[in-house]
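Notes for the one structure printed next.
The values are calculated or read from the model by the stated rules, or taken from the named source; none is laboratory data. Values in this document were obtained by computation on a predicted structure and should not be read as measured data. Here Cβ is always computed from backbone atoms with ideal geometry, including for glycine, and neighbour counts include all displayed protein chains.
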Amino acid sequence: MEEQGAKPLRHGYTTGSCAAATAKAALTALIEQELQNEATIRLPIGEIVTFTMTACSVGEESASAETVKDGGDDPDATHGARIITEVKWRSEPGIVIDGGIGVGRVTKPGLPVPVGEAAINPVPRKMIREAVEDVLNVYGSDRGVQVVVSVPDGEEIAKKTLNGRLGIIGGISILGTRGTVVPFSTSAYKASVAQAIRVAVRCGCEHIVLSTGGRSEKFGIDLYPGLPEEAFVEMGDFVGFALKQCRGQGVKKITLVGMMGKFSKLAQGVMMVHSKSAPVDFGFLAELAESAGADAELIGEVLSANTASQVGDRMQELGLTAFFEEMSSRCCRESLKEMGMEQAFGENDGAVTIETFLISMKAQLLGQAALYGKGKDK
């Protein structure tokens, strides 16, 4: 729930919406031979939106228009990016859509765009095509049009995204299914996790390393230096979602790497491990400590701790490795349960190997475990 009196979060617009609007403005400018200040388009969700052009130029055979992407209150890497679309007349009929500077090109299978094409996703392509067709219909023209979308800072922006790992080289992707950006939406991140797993499988990966963040991913890369980069997927807080995606894609081995805070929740069966979704349960940590041989005084310390990391540091200091081994084992068991699988008794009996590496804030290994899983009998 929002706090009373809190300002509602402002929606923004996708790169796909910006590309469609600039395409419409540029083609209108080309036909009318007049600069355009704005363009109005219909978004996939049915909303009618007018975009302001920050620049426009026109010649006899081509025109271009530019707008600045407004991501609203969404913390998006592309917020403030300049989206520029150039349109040219073609001698042949039809509409050809391509990417220019700062728009990535697809080099790996598993994405919604074929290898070799500009990373402009299907919905944005449809939006651009419809915007161009609308203008042609208004002016009664059947001429062919070439559309090239560019993002001047796209290559730099792409460094803050998963594009390189996904095989999208040279810039960002032109994205969006709704046309609007939902503030602090989890759907975009989940979509990127699903896409990363799909690309990994299509590239031949049977072993995927799921990490909760940058430090845990680096630990995983050091742990398995022989795996290709596609095998490493930063799942963030979406543990359950990532596990189900792996199961659905037929991944044979899953390695989980994370720290005390998030994995203490996973060990209890909490599959969305964001701090606001589920607080650390110090009672649970005290139970684990007791089973690892902690005395009453230490159990009291656990119950009064401020963070899970603090508990982990104390256990490490006292050499209670059984605490970490049990937590890692429980992470494996709960993960199998989330995937709808039961524990198998050996590698030959199992369809999936799942292993957990629990690390400290300083990226030191605290504990590990591995289990085999098989599908439950109907």
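A few remarks follow.
- Looking across segment 298-328, the residues that are charged (D, E, K, R) and at pLDDT below 95 come down to Glu301, Asp313, Arg314, Glu317.
- Residue check, Glu155 acidic (Asp, Glu), assigned to a helix (DSSP H, G or I) and either surrounded by fewer than 17 Cβ atoms within 10 Å (Cβ to Cβ) or without any contact (Cβ under 8 Å) to a residue 12 or more places away in the chain (or both): no
- Identity of the residue in segment 176-187, touching a residue at least 60 places away in the same chain (Cβ under 8 Å) and outside any strand (DSSP E or B), that ends up surrounded by the fewest Cβ atoms within 10 Å (Cβ to Cβ): Phe184
- The set of residues from segment 277-295 being exposed (fewer than 15 other Cβ atoms within 10 Å of the Cβ) and either outside the structural domain of Phe323 (by TED's automatic domain parsing) or modelled with pLDDT under 90 (or both) comprises Ser277, Pro279.
- Condition broken by Glu342, with the remaining ones in (1) surrounded by fewer than 18 Cβ atoms within 10 Å (Cβ to Cβ); (2) part of a loop (DSSP other than H, G, I, E, B); (3) more than 26 Å from the chain's Cα centre (by Cα) satisfied: (2)
- Within segment 60-79, considering residues that are surrounded by fewer than 18 Cβ atoms within 10 Å (Cβ to Cβ) and in contact with an Asp or Glu (Cβ under 8 Å, 6 or more places away or on another chain), the one farthest from Leu35 (Cα to Cα): His79
- In segment 120-142, of all residues being aliphatic (A, V, I, L, M) and crowded, with 20+ Cβ neighbours inside 10 Å, the one that is farthest from Lys88 (Cα to Cα) corresponds to Val123.
- The set of residues from segment 121-161 being under 17 Å from Ile101 (Cα atoms) and of a type in the set (Asp, Glu) comprises Asp153, Glu155, Glu156.
- Check on Ala29, modelled with pLDDT of 95 or more, assigned by TED's automatic domain parsing to the domain that holds Val147, outside any loop (DSSP other than H, G, I, E, B) and more than 26 Å from the chain's Cα centre (by Cα): yes
- The listed residue being in contact with a Leu (Cβ under 9 Å, 6 or more places away or on another chain), loosely packed, with under 15 Cβ neighbours inside 10 Å, at negative phi and not aliphatic (A, V, I, L, M), out of Ser57, Ser17: Ser57
- Check on Gly164, within 14 Å of the chain's Cα centre (by Cα), under 24 Å from Ile101 (Cα atoms), outside any helix (DSSP H, G or I) and among the small types (Gly, Ala, Ser): no
- Qualifying residue in segment 166-175 (condition: in contact with a Lys or Arg (Cβ under 7 Å, 6 or more places away or on another chain), of a type in the set (Val, Ile, Thr), surrounded by fewer than 18 Cβ atoms within 10 Å (Cβ to Cβ) and closer than 29 Å to Gln245 by Cβ): yes
- Selection count, segment 238-271, where residues are buried (at least 24 other Cβ atoms within 10 Å of the Cβ), of a type outside the set (A, V, I, L, M, F, W, C) and not in a helix (DSSP H, G or I): 1
- Residues of segment 107-130 satisfying the condition of being hydrophobic (A, V, I, L, M, F, W, C) and farther than 16 Å from Thr161 by Cβ: Val115, Val123, Met127, Ile128
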